[in-house]
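Everything on this sheet refers to the single structure shown next.
FYI, it's all coordinate maths here, none of it is from the lab. Note that the structure is a prediction, hence the values are computed from the model and not measured. Every residue, glycine as well, gets a Cβ built from its backbone with ideal geometry; the counts of neighbours run over all protein chains shown.
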Amino acid sequence: MRRKIVAGNWKMNTTVQEGLELAEAVAKNAEKGMPEGVSIILAPPFTHIAGIKEVIPDFIGLAAQNCATEESGAFTGEVSAGMIASAGAQYVITGHSERRSIYRETDLELNKKVKTAIKNKLSPVFCCGENLDERQKGIHSEVVRKQIEKGLADITKDDFQKIIIAYEPVWAIGTGKTATPGQAQEMHHFIRNLLKELYGEKIADQTSILYGGSCKPSNAAEIFENIDVDGGLIGGASLKADDFMAIARSF
Ligand code: 13P
């Protein structure tokens, strides 16, 4: 069956010391026991990964929030997938809407990032989602279709097994405005059908699709209840260990 995953995207928050304390608090809570089949992943800033790896148990996953398109070389300021793996992470978020909109990352670049991540044995957490204008125009499905078709192009079925998808409607990120359970289910179902069309039924059935956007302890259960929602990618609420763990326990 599909993995249920709750991942915390810390974005550009916390010092190294604060990040260690947050990770330790999450670990302490998680060690009390997790709901059956639920995994948690922390995505701190790059600078925190190696240190956090030392203070969390192996059952908690670690992710970077981005990686370079290239493997190594003269790319000042970039961090490669190989470096991330060597720091102890198993995942990398690619195509977050903040990377797409603020840093103008293109579908082609994201496709390269997904491929270099897989090559370096990282599981990509590939983000997609429409903005408010696209939702109001009613073109949200087309936008997500294009992001997935281009960003996840030319991946073998074997490699695709490593991919996790996060549907994050941009209008719900950090706004306090969550997609309704019905809106989330509709898009997750659309994405699963698209995976079936592009990669076949087995991949569609196996791929975890997470919801992201103002997910909090008070609304997580009704979102996770949907048949095609396999967990969440949590921003703001992941910065408080108790809130993050309350979300992880809402299944
Ligand atoms: P918020 O949970 O703060 O809305 O952020 C969602 C997000 O962007 C996770 O990647």
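Against the condition more than 22 Å from GLN161 (Cβ to Cβ) and polar (S, T, N, Q), how does SER101 come out, does it pass? So SER101 passes the test.
Consider GLU222 carefully, then state whether it is of a type in the set (Asp, Glu), within 16 Å of the ligand (Cβ to nearest atom), surrounded by fewer than 21 Cβ atoms within 10 Å (Cβ to Cβ) and at negative phi. Spelling it out, GLU222 is indeed of a type in the set (Asp, Glu), within 16 Å of the ligand (Cβ to nearest atom), surrounded by fewer than 21 Cβ atoms within 10 Å (Cβ to Cβ) and at negative phi. Would you check if ILE234 is under 21 Å from ARG3 (Cβ atoms), buried (at least 22 other Cβ atoms within 10 Å of the Cβ) and more than 10 Å from the ligand (Cβ to nearest atom)? So ILE234 does not fit the description; no. Summed over segment 2-37, residues that are of a type in the set (A, V, I, L, M), more than 25 Å from GLU78 (Cα to Cα) and either buried (at least 18 other Cβ atoms within 10 Å of the Cβ) or within 16 Å of the ligand (Cβ to nearest atom) (or both) total 7. Applying the condition of being aliphatic (A, V, I, L, M) and in contact with a helix residue (DSSP H, G or I) (Cβ under 6 Å, 6 or more places away or on another chain) to segment 195-212 and asking which residue is farthest from ILE173 (Cα to Cα) yields ILE203.
Selection over segment 160-184 of residues that are more than 16 Å from the ligand (Cβ to nearest atom), under 17 Å from the mean Cα position of the chain (by Cα) and part of a helix (DSSP H, G or I) gives a count of 1.
Here is a yes/no grid of residues against (1) in a helix (DSSP H, G or I); (2) surrounded by fewer than 20 Cβ atoms within 10 Å (Cβ to Cβ):
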{"position": "HIS188", "(1), (2)": "yes, no"}
{"position": "LEU194", "(1), (2)": "yes, yes"}
{"position": "LEU198", "(1), (2)": "yes, yes"}
{"position": "LEU210", "(1), (2)": "no, no"}
{"position": "ASN226", "(1), (2)": "no, yes"}
{"position": "ASP242", "(1), (2)": "yes, yes"}
